[in-house]
Amino acid sequence: MAPDPDAAARLFGLDGWVAVVTGAWSGPGAAVAHALASLGGRVAVVARRHDRSAALARGIDGLAVPCDLSDLDRIGSMVPTVVEKLGPPEILVNAAGNMFTTERAESACAPSAAARSSRCCPSAAGSASPASRRPRTRRARPACPA
């Protein structure tokens, strides 16, 4: 049976809800922004690529908010801009990558085994059953010097 978009809109209608989607100039962020707008949401697309986010915002009748989330001084003006133009946000979707550093993700170091504990990462501490573990296919990153 094919999905019924009208049924989804009735169940998950967002008429008038204000949403903020970060990293919304392409990929998952753009897809989520489209989905929220199609369900009636008023969507603010936040991205550092203003040219692309502006085009997306025009296509969904949303608001483009240029902001590089690695620039802490700029983040503080993002929400007030959304509130002023669309109203207070009720939905936040963070699809932005690498938002806490200006380094490339590939250069970040992995935490050492000693730094991991069952409180914050049960599977890393060995509490997951062997059958539930997925084999590692990524390159191991160097441990942080601590």
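Of note:
- Verdict on Arg10 being in a helix (DSSP H, G or I), closer than 23 Å to Gly97 by Cβ, at pLDDT below 85 and of a type outside the set (Asp, Glu): no
- Residue check, Ser70 closer than 22 Å to Gly97 by Cα and at pLDDT below 85: yes
- Among the residues of the range 33-59, those identified as of a type in the set (A, V, I, L, M, F, W, C) and surrounded by fewer than 21 Cβ atoms within 10 Å (Cβ to Cβ) are Ala35, Leu39, Ala54, Ala55.
- Test: Ala96 is modelled with pLDDT under 80, part of a loop (DSSP other than H, G, I, E, B), open to solvent by less than 60 Å² (accessible area, probe 1.4 Å) and of a type in the set (A, V, I, L, M, F, W, C): no
- Of all residues in the range 60-83 being surrounded by 15 or more Cβ atoms within 10 Å (Cβ to Cβ) and in a loop (DSSP other than H, G, I, E, B), the one that is farthest from the chain's Cα centre (by Cα): Gly62
- Of all residues in the range 8-24, those satisfying the criterion of being surrounded by fewer than 24 Cβ atoms within 10 Å (Cβ to Cβ) and more than 19 Å from Gly87 (Cα to Cα) are Ala8, Ala9, Arg10, Leu11, Phe12.
The values are calculated or read from the model by the stated rules, or taken from the named source; none is laboratory data. Predicted, not measured: the structure shown is a model, and the values here were computed from it. Cβ: placed from backbone, ideal geometry, glycine included. Neighbour counts: every protein chain shown. Accessible surface areas use protein heavy atoms only, side chains included; no ligands, DNA or RNA. Shrake-Rupley method; radii C 1.70, N 1.55, O 1.52, S 1.80 Å.
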